[in-house]
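What follows is a single structure, written as structure tokens, with notes after it.
The values are calculated or read from the model by the stated rules, or taken from the named source; none is laboratory data. From a predicted model like this one, the values you see are computed outputs, not experimental measurements. Neighbour counts run over all protein chains shown; Cβ positions are idealised from the backbone, glycine included.
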Amino acid sequence: MSVTGAGADLIVINGRVRTMDDDNPAAEAIAVKDGAIVATGSRAAIEELKGTATKVIDAKGGSVIPGFIEAHMHLFSGGAELAHLQLGGIHGFDALQKAIRDYASTRPEAKMLVGQGVDYTVLGEERVTRHHLDAILPDRPFCMAAPDHHTMWANTKALEMAGILQGRTLGPGNEIVMGEDGLAAGELREGEAFGPVLDLAGEGRVRLGLSTGGEPDPMPSAAERAADRDIMRRGLAWCARHGITSIQNMDGNFYQLELLAEIEAEEGLPCRVKIPFHYKNFMTLDMLEKASVMAERYDSEWLSSGMVKVFYDGVLDSWTAVMVEPYADRPDWVGEPLFTPQQFIDLATAIDKRGLQIAVHSIGDGAVRAVLDGYEAAQKANGRRDSRHRVEHIEVTTAADVPRFAELGVIASMQPSHPPGAMDFPLEPTVSRIGRDRWPLSYAWRTLKEAGAHVVFASDWPVAAIDPILSIQAALLRKPWAKGDPDQSFSLREALAAYTVEGAYAEFAEHRKGVLKPGYMADLVVLSADIEKTAPAELHKVRPVTTVCGGKVTYQA
């Protein structure tokens, strides 16, 4: 235990240190120097490393754990949405009307009003239409998004201004729902449908990494660029506040990397960020060269690329997820994939050949199967390597596909906040859409883990609350929807590992992060209580008090 010079830069004492290191699982204190952990041990041993300039953090008996690794989120749009109207938990027309009108009154200058997180069942059995929204706000453009961000509803003014009131031809898997009057009914399914409406809000650059994977055109002015950096800063601060030290973003372009690099140059980043290249189904394989260039240009422990994100399907609630067998409540429909199985095989093989990692949004069991088929084909074509390709979400799978994750070395990237009834999402319409026969293999975290898959946890913020502790609580408290179905819940140790150790593995960094031990990055979070002595039902009360990333305090309560 040697710290040369003026002692440690920072020590954390009086903590219940959970290192996540099997060889040395617990300690009382930690010492940090030059951005790395130099020692863990007893308070007395660590206090010996204190110099005149050492910063001391007293954990006051609270847990000290590795910084949370958020393995699936959307930083830029999440940062922007912190300023939007939050509609989670609002039910009934009157409550919706009050929330929207109150918000509109505080923003008289806004070109476009945007709401987030509205339940599909906000009006009970009735589907929302533009007429409901017109009754609330007839003279200003307004739209609101479902929590999953795959459906939006817009009023007539917004549809008119976006030029889609008469409908429009869209690519596969996207839909402007039309009314009996031959005009758009107000419900817009998937990004191509609602993109023109969101563009009215002037936040088009925020969504580019998700909507097109392309770059701003024209390039933003200096003032616009500064405003975008501020949106990024707001998102990063929100992450640090929740104990997050590493972000695996799930949309991206050069512009996001450039903004983050500018922030890093100005004041340093509070979180480490990985930004993928987003490959869309209208692109051609030669465009993957951009992914390779992004990977070469950005490859530090603070800011990196090296991953390609793809969407294979949509979501269950709008029938846009791709199923093997038809939907329980739409017996003639299995959903429409964004790629044909052969197109995806060709894509996966081409990305894999470049030595890049692949992460694919696959919600339905049909999408999960097609993506695993693509990974298998890539392995046969290019030879087996430690690729750690990922399947994102896996909300429904099949018994035949469960063992393939371990066989192919594929990561199961899953979200404890997503199962209906687990956190904020209501049981209906999702559970009826999935159908009773598929429940045992829906959101099947434990089934996949026990079959040998690496299961990594995240929030998919802003789709769900970013808070890792809420997600961990949801993982512990998860109950089957029916008696006799398998228990998919995780233990506290497993859930913590899915947010630390497995997150590090997912980005090939298990030798540097996800564990508190000498030589590893000084990325850690001090909690307000001993998480192991807290009843699962009370976990939501445990709060991050201090977040440290690279040895620097990035959040202090």
Scanning the stretch 418-455 residue by residue, those touching a Leu at 6+ places or on another chain (Cβ under 7 Å) and farther than 29 Å from K380 by Cα turn out to be P420, G421, M423, T430, R433, I434
Those strands (runs of 3 or more DSSP E) completely within the stretch 1-61 that have 1 or more residues that are at pLDDT 95 or above and more than 25 Å from D530 (Cβ to Cβ) are 29-33, 36-41
- [ ] Inspect the stretch 406-417 for any residue being part of a helix (DSSP H, G or I), farther than 17 Å from L448 by Cα and modelled with pLDDT of 95 or more and give the result as yes or no.
- [x] no
Heads up, the helices (runs of 4 or more DSSP H) in the stretch 216-323 (entirely inside) with at least 2 residues that are closer than 30 Å to V542 by Cβ and more than 18 Å from the chain's Cα centre (by Cα) are 254-267
The residue from A399, A465, A422, A453 that alone is surrounded by fewer than 18 Cβ atoms within 10 Å (Cβ to Cβ) and part of a loop (DSSP other than H, G, I, E, B) is A399
Scanning the stretch 115-154 for residues that are in a loop (DSSP other than H, G, I, E, B), under 19 Å from G191 (Cβ atoms) and of a type outside the set (V, I, T) gives G117, Y120, P141, A146, P147, D148, H149, H150
Note on K98: of the conditions (1) farther than 30 Å from G421 by Cα; (2) of a type outside the set (V, I, T); (3) more than 28 Å from the chain's Cα centre (by Cα), unmet is (1)
Across the stretch 166-200, the tally of residues that are hydrophobic (A, V, I, L, M, F, W, C) and touching an Asp or Glu at 6+ places or on another chain (Cβ under 7 Å) stands at 3
If we keep only residues of the stretch 105-131 that are of a type in the set (V, I, T) and surrounded by 16 or more Cβ atoms within 10 Å (Cβ to Cβ), then the residue nearest to P147 (Cα to Cα) is V118
Restricted to the stretch 297-325 and to residues being more than 24 Å from Y375 (Cα to Cα) and acidic (D, E), the residue surrounded by the most Cβ atoms within 10 Å (Cβ to Cβ) is D317
Reported set for the stretch 74-110 where residues are out of contact with any strand residue (DSSP E or B) (no Cβ under 6 Å at 6 or more places or on another chain) and among the hydrophobic types (A, V, I, L, M, F, W, C) is F76, A80, L82, A83, I90, F93, A95, L96, A99, I100, A110
Counting only residues in the stretch 402-419 that are in contact (Cβ under 8 Å) with a residue 40 or more places away in the chain and in contact with a Ser or Thr (Cβ under 8 Å, 6 or more places away or on another chain), the one surrounded by the fewest Cβ atoms within 10 Å (Cβ to Cβ) is identified as V402
Reported set for the stretch 331-373 where residues are assigned to a strand (DSSP E or B) and either hydroxyl-bearing (S, T, Y) or free of Cβ contacts under 8 Å to residues at least 24 places away in the same chain (or both) is S362
Within the stretch 425-450, residues outside any loop (DSSP other than H, G, I, E, B), of a type outside the set (K, R) and within 18 Å of D119 (Cβ to Cβ) come out as T430, V431, S432, I434
When L188 is run through (1) under 23 Å from V391 (Cα atoms); (2) hydrophobic (A, V, I, L, M, F, W, C); (3) in a strand (DSSP E or B), the failure sits at (1)
Among A83, A146, the single one that is surrounded by 16 or more Cβ atoms within 10 Å (Cβ to Cβ) and small (G, A, S) is A146
Taking the stretch 178-195 and the residues there that are at pLDDT below 95 and surrounded by fewer than 23 Cβ atoms within 10 Å (Cβ to Cβ), the one that is nearest to N249 (Cα to Cα) would be G191
Pairing a residue in the stretch 450-479 that is within 14 Å of A495 (Cα to Cα) and assigned by TED's automatic domain parsing to the domain that holds I411 with any residue that is in a helix (DSSP H, G or I) and polar (S, T, N, Q), where Cβ atoms lie under 8 Å and the two sit 6 or more apart in sequence or on different chains, gives F457/S471; A458/S471; S459/S471
Taking the stretch 209-237 and the residues there that are among the hydrophobic types (A, V, I, L, M, F, W, C) and surrounded by fewer than 21 Cβ atoms within 10 Å (Cβ to Cβ), the one that is nearest to K274 (Cα to Cα) would be A237
